[in-house]
Structures are given as structure tokens and as C-alpha cells.
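Just below is one structure, and these are the notes that go with it.
The values are calculated or read from the model by the stated rules, or taken from the named source; none is laboratory data. A quick note: this is a predicted structure, and the numbers were derived from the prediction, not measured. No Cβ is skipped: glycine too gets one built from the backbone with ideal geometry, and neighbour counts run over all protein chains shown. Side chains are part of the model used for accessible areas, which takes the heavy atoms of the whole protein and leaves out ligands, DNA and RNA. Shrake-Rupley method; radii C 1.70, N 1.55, O 1.52, S 1.80 Å.
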Amino acid sequence: MEPLHPSDPPRIGDYRLLSRLGSGGMGQVYLARTPAGRNLVVKVIRPEFAAEAGFRARFAREAEAARRVGGFHTAQVVDADPEADTPWIATAYITGPTLQEAVREGGPLEGSALRALALGLAEGLKAIHACGLVHRDLKPANIVLAEDGPRIIDFGIARPLDGDNMTTQGAVFGTLSYMSPEQTDGSRVGPASDVFSLGTVLAYAATGTSPFMGTTMAETLRRLIGPPPDPGDIDPDIRELVRECWDHDPDRRPAPGQILARFEDGAPPTPVTGMSAPDADSVPTEAAPSPPTTGEGTGPKRKAPLLIAGAVTASVVLIGGLALFVPDSEPEPELFGTATTLGDGEVELSSVAFSPDSALLATGAGDGTARLWDVGTGEHVTTLTGHGTSVGAMEFSPDGSLLATGSLDGTVRLWATETGETVATLADESDEDRDAVFVRSLAFSPDGTLLATSIESTARLWDVETGALLTTFPGHDVWVNSVDFSPDGALVATGAGDGTVHLWDAGTGEHATTLTGNLHRDEDGVSSVAFSPDGALLATGGENGPARLWDVGTGEHVTTLTGHETGVNAVAFSPEGTELVTGGYGGVLRLWDVGTGEQIAASDGQGAFIPSVAFSPDGTLIAGAVDGLHVNLWPVDL
């Protein structure tokens, strides 16, 4: 969210505009307030679309149809003016996380929560279809888990059942990985299309993975029109429902009313929320925080990614009909040219690390392997196999002879880079439930003799040569998300979900100082930490907030890097320390001038989030994992 621009009108219709929420391919999105003090989301169409022949008639027809949708499981269209100089539509304000946010932060849904979600969505679709509409963009980002149950939002591309087909030749409407097969080939789309998407949403909710998502639009399309995938090891009844929803014959898919009848008797009495109740700053796709009376407000914590026609990701919305927009930042320019993508999409790639000579890139994978890539050619070199499950942390030793990998299996493995063989496995035998111990981060000391790792609520220091556990740093009371060594090897920094950063004496293991990493400890955890190459600064990323720079000597906050509106997952300094790259939700990389705190450049949105970033030691490339699915390499010309 950002203040109104001088060019923005003070009012739209009867509603006073308070701030900008973002923009989409067809217009600007505002937080507004009614004369009685209620908050609304007002979306204003760009003049060039309003001038299109027949647009206003379609806009009016579809806005009126969407307005008729009521019930407890949809977002209400409150007002619209298709005849205004710039047509607009106002929708209800809803609080709560999106399903995408809930699963991303809290993990997949199970049992009664999953069944309640199925019931709520089926009831919502039944209400939508009863009003003669097909939603056509049912996806996790368009489902808000409100206090009284799930709400289906964003009727941006909904169409009346008796409406004409697409007016734009070859246009695709919807988010590709959640489309039905008939949406992809220009066939007439009916209510059964939403049911196919319902199956995909439930599979995502139960597994945390989009089942049809490929690394390219073409691959995603092939998966959609090919044999349906296995939904996975999920609730048997939901599994069977998903398979029925994915029938390629629309006539054989269950209707929402049939789904309700099937699950109603066993439904839990309480609604699905998926997460704890959001605080006042939490913003779902169709919601915004209640701002102060000045209208300047505070920034949102989580928002679904902005969907832009022609974006690199498979989540695309091509214009047509009524458009409602996801509140997010405006489209960003590309970062120093086009990215090269590594990975085939078959295996999730969620962490990255460059070798000291910049010749190799290591990526951690969801199948428990690490992969090495030739940076110059982009070709896969070798796969390192040994971990039992997902590899989420990795780093090369300073001389490049070793690669350390940390896994969800609770172990760290050291690999000989030249041969790909395991040199040692580091594990603490006191960890009773090894499967519940996640190595989230690791870092070599500058001389390569020590390795710091984050495991549960502690950080640990290991002797690389002997594999012995030397020291445990116990200062946090929640998960330690990130560790790093200072360039002189004297300090270890640990950042955790409790919102603090601790600095430790690497020689004695004693606590040196504490930084309140997010400045609002109870509201935001620290997701990542990184020392500058000269050791003078420490960069931190906030799980729900911005990146910040700290003076290591004094422990004082230096500056806040404002640009990511939805959390910073990863931070990395350039080799000279003059720039900092940050990766966040919304799939955007941002490059900052460390001296001024100003943003130098940003990538276009590459997905939902970027969990890991790295600067190549020669300063020519930035690597970033995108959605935990693949890795992009962006060229840098500083």
C-alpha cells in the first residue's frame, strides 16, 4: 500500500480514496471509505479499455451479475459505474489470509480443516452458478480464509452462463495452472470448469504444491490436457473427489450441490481459517488494513502475487470482460536483462549457492538431492544423493573444495566438490526426533574450519575436519531461520522467528549483543541475515516486513529498505558490499544501493515468492530460487 499520487482523484463516486493498494493490467486499485466509515476496495479501469467497442456494455452486464452473488462464501460487489469517464467497481472489504498464504506459512490442510474447505468452496460455487455465473479463476490466491469460513473473491473474469465467448481471438482467461482443460482450447466454459479448478485447489491445499504447475506455460498446458496427475497421499475422500473433479469430460464432474451432499454429514462444526487470526496489518487479496483517519496507513504484510498479462510465470491473466485486480505493487522493470532458468520443473529447487570461482551453482532440491550446474552453459553437471528429504540450505567452503548441504532430515552433509562423494555427515545424536529437526541455514567460517548451522531454536558450531559439535548457541525461543559468519570469523549472527538477531563470539560461544531485527518483535520474524564483506553492516530480512541494515559495531539500526510490501525471504550483498539483493513474496528481486538505501532496480514478478538468493563472487550474476520450483540467473551490469 502506498499514499495517493497527486494525479489520483480524491473520490470515486461516493467513496473517499485513502491510499493505493496496487495496480493490474487493466487499472488502478484503491482502498476507499464510505461516508459511514466502512472500507471498500475500489478498482478503476484504464481509459484505453473503457474506449474499446462494447466494453462498457460487457462491464455493466458482468458487474450486475457478480453483484447478485450472495451467501456466506463469496465477496460482495457493492457498487459500480460502467458509464463513468473511467469505469469503476467497488467490492467488499474482507479480512483474513488467502488460502495461498495459509498453506505457504502454516503448511497443508488436513482432516476436518480440509473437508470444511471443500464444503465452503462448494457452497460458494453453488451460489455463483445459481446466479448464472462461471467464476473461471478459482485458485488459492482468490480464496480468503475469513473468520466465518472461506470466501471466493475476485470475479474479474467471471462470465454469465449465457454470455458470448471470448471476444479476443486466441485469448486465455484465468490462471493457467488452475484452469480446466476446456479453458485452454477456446471451448465453451460452463460451471463444470470451476469444479475442475476446485479439484486443483483442494489438491494444493492438501499438499502445498500446485499439481499442474510447470516451469513454462507450455509445460503447464501439456500437463493440463494430458492424463491427470496422482493427487498424492491425502485424505482418501478428498483424493477421490479431486480425481472426479479432474475428469476431462465436464459432464462427468460432480456438481457443487453433489459435493455438499457427500460431505455435509461429516463436516466439522467450526470454520476453516488455516492460520491464526490475522492482525490489523494483514491484507488478503481483496482486503486492506484499516488505515488511520489520515488515509496514509501502514503497508500490508502478505498479498497474493500480481497477475500480469505476458508475465514469465504460468499464472497469467489476459484481459477481457470485467477485471478485478490483485492488490500488489505496480509492475517492475526487468533486472539487467532476461533471466536464464535452470531446472525442468520435475523437481523443486529451493536454495542456491555459488562456488567461490563463480563457475558452479549448487541448488537444493525437494527430493533430498543437491544439483551442480555449469554457470557458463546452464547445463546440469551432477546430482548429489544422500539426504532423506528436502535440501533447504547450502554453501561452498571458501576454497571451493567442499559443499555443505542441510536438510529437513536433520543432518548436514559435506560433499567433495570434485568427486561428488560424501565426506562427512554432521548430526547431533541428542536430537530425539531427527525427522522434525530442519537444518534451515548454514555458513562456513572464512578459513573454512568451522560450520555454523541453524537447527530448531538453536544455532550450532561444528568442526569441519572432525565433524565434532563444538558449541550450541541457545538464545532464541523459536526457529532460527538464518546464520552467517562475519568476514573476520569473530562473530556468528543468528536471526529467528522471534524477531531478534543475536551476535555470538565464535571463539568462546558467548553472547555478544542482540538486535531487535524487525523493530516490532511481536509482529515479525527475521527470515535471513548477511554480513557485508567488510563486516561493518548486517542485513536482515523480515518474514512479513522489509529488509534492514544494522551497524555491527554499535548494534544500531541504520536504515530500512522500503519496497517489498509482503516480506523479504533472503538477502545477499554484492562482492564489493556496495549493493544488496533481496528476494521476497510477489516473486520480485530488488537491488539496493547500500550507501543511500535507494532501490537501484527490480525484476519483474517471477512467481509467488523467492526463498533464496545469491550474488556470484565475480559480481556478474544473481541467482534466485523462484517459488521453490526452479532457479533463475539474472545478469548484472553494475
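Number of residues in the stretch 395-418 that are within 20 Å of T458 (Cβ to Cβ) and either outside any strand (DSSP E or B) or open to solvent by 20 Å² or more (accessible area, probe 1.4 Å) (or both): the value is 6. Restricted to helices (runs of 4 or more DSSP H) entirely inside the stretch 176-260, those with at least 3 residues that are open to solvent by 30 Å² or more (accessible area, probe 1.4 Å) and more than 25 Å from E348 (Cα to Cα) are 236-245. Within the stretch 75-103, being open to solvent by less than 50 Å² (accessible area, probe 1.4 Å) and within 23 Å of the chain's Cα centre (by Cα) holds for A75, I94, G96, P97, T98, L99, Q100, E101, A102, V103. The conditions of being modelled with pLDDT of 85 or more and under 28 Å from the mean Cα position of the chain (by Cα) are not met by R136. Within the stretch 5-36, the set of residues being under 17 Å from T86 (Cβ atoms), in contact with an Asp or Glu (Cβ under 9 Å, 6 or more places away or on another chain), buried (at least 19 other Cβ atoms within 10 Å of the Cβ) and at pLDDT 85 or above comprises I12, Y15, L17, Y30. When restricted to residues that are at pLDDT 90 or above and not in a strand (DSSP E or B), the stretch 425-438 contains 0. The residues of the stretch 439-491 that are more than 25 Å from G577 (Cβ to Cβ), of a type outside the set (S, T, Y), in a strand (DSSP E or B) and open to solvent by 60 Å² or more (accessible area, probe 1.4 Å), listed by number, are L469, L470. For the stretch 492-511, a residue qualifies if it is at positive phi and either open to solvent by less than 10 Å² (accessible area, probe 1.4 Å) or modelled with pLDDT under 90 (or both), and exactly one does: G499.
Of all positions in the stretch 48-58, at least one carries a residue that is open to solvent by 20 Å² or more (accessible area, probe 1.4 Å), at pLDDT 75 or above and more than 30 Å from P211 (Cβ to Cβ).
Here T167 meets the list (1) of a type in the set (S, T, Y); (2) at pLDDT 90 or above; (3) farther than 30 Å from S390 by Cα almost entirely, failing just condition (2).
Scan the stretch 351-393 for residues that are among the acidic types (D, E) and in a loop (DSSP other than H, G, I, E, B) and jot them down. D357, D367, E379 - these are the residues of the stretch 351-393 that are among the acidic types (D, E) and in a loop (DSSP other than H, G, I, E, B).
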